[in-house]
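Below is one structure; the comments refer to it alone.
The values are calculated or read from the model by the stated rules, or taken from the named source; none is laboratory data. For clarity, every value in this text was computed on a predicted model and none was experimentally measured. Cβ atoms come from the backbone with ideal geometry, glycine included; neighbour counts cover every protein chain shown. The protein model used for the area step is the full one, side chains on, heavy atoms only, and it has no ligands, DNA or RNA in it. Shrake-Rupley method; radii C 1.70, N 1.55, O 1.52, S 1.80 Å.
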Amino acid sequence: MSRDAVYLHESDTVTHARQLMRDHFLRGIPVVNDKGKVSGMITDQDILRVTSTKSNVTVAGFVNPVPQITPETDIQRAVSLLLEAKLERCPVVKSTIEQNLTGIVSNTDLLGKMMNRDLSKPVREIMTSPVTTCTPTDNIGDIWSAMLENDYTGLPVVSKKNKLMGMVTRRDLIKSGFARIGVREKDGNLNNQPVEKVMSTPAYSIEQDTSVKECTEKVLHYDIGRLTVVVEDKPVGIVDRSDLLRAYTE
């Protein structure tokens, strides 16, 4: 786990939460109550859902419950809890009795502990396929909506010939500053900025026969949330950190 975790109070504003995610490149932040006890997490998905134009909206209404993980929790158990909760990060509390925040554990931390297992299974066996893609000219507002409706964390960006060009993620949308993309403007139109304004490059990809272990090494080395599986540079699937963690537990 990582100590000195960035955290929020229930009374903090969503605007502040969004800023912390941008500044620290976070996908989720622990939230504590007025007694300093962990009450849950606010995630990047929650931030995307916020459409209020009011600056005083607090995080209290967006807190998600979290599994109980302590410094003594077994690694395998922590992996299972994170996967079950569909979280990428989770607060670590001092003990089952003392719910004070003592640190945070992420799927990246856990992958680093699991990858000592020589898992030669090819990623074609664990990838999500078919994969939804978008183009550089697609409307950011449409992609924002698709991520919310389908719980996507990232979409590969492809050319007109379906060649992989890059990736657009929740993090890209949040850090771009398009804070309320889903709010209709006075003229009734959604923000029409193209995906190419926020997409990440280069495009990190792997072949179908790449082993789970090699895929894990690449994810950790480049500190990325997912890899696109390609055949002749055309996306055929996607593998994210949760897919990799699940593979190590099976």
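Out of curiosity, is Y204 free of Cβ contacts under 8 Å to residues at least 40 places away in the same chain and crowded, with 17+ Cβ neighbours inside 10 Å? Spell out how you get there, then give the answer.
Details: free of Cβ contacts under 8 Å to residues at least 40 places away in the same chain: yes; crowded, with 17+ Cβ neighbours inside 10 Å: yes.
So Y204 passes the test.
Checked against (1) open to solvent by 60 Å² or more (accessible area, probe 1.4 Å); (2) within 25 Å of Y152 (Cα to Cα), N56 meets all criteria but (2). The set of residues in the range 188-245 being more than 16 Å from L155 (Cα to Cα) and either in contact with a Cys (Cβ under 7 Å, 6 or more places away or on another chain) or in a strand (DSSP E or B) (or both) consists of S211, V231, L244. Restricted to strands (runs of 3 or more DSSP E) entirely inside the range 1-104, no element has at least 3 residues that are modelled with pLDDT under 95 and within 18 Å of the chain's Cα centre (by Cα).
From the list V236, V219, V230, the lone residue that is surrounded by 19 or more Cβ atoms within 10 Å (Cβ to Cβ) and within 17 Å of T132 (Cα to Cα) is V230. Within the range 60-83, residues that are of a type in the set (G, A, S) sit with their Cβ atoms under 7 Å from residues that are in a strand (DSSP E or B), at 6+ positions apart or across chains, in these pairs: A78/V105.
Do you know which of the residues in the range 30-43 that are crowded, with 22+ Cβ neighbours inside 10 Å and touching a residue at least 40 places away in the same chain (Cβ under 8 Å) is farthest from L101 (Cα to Cα)? My answer is T43.
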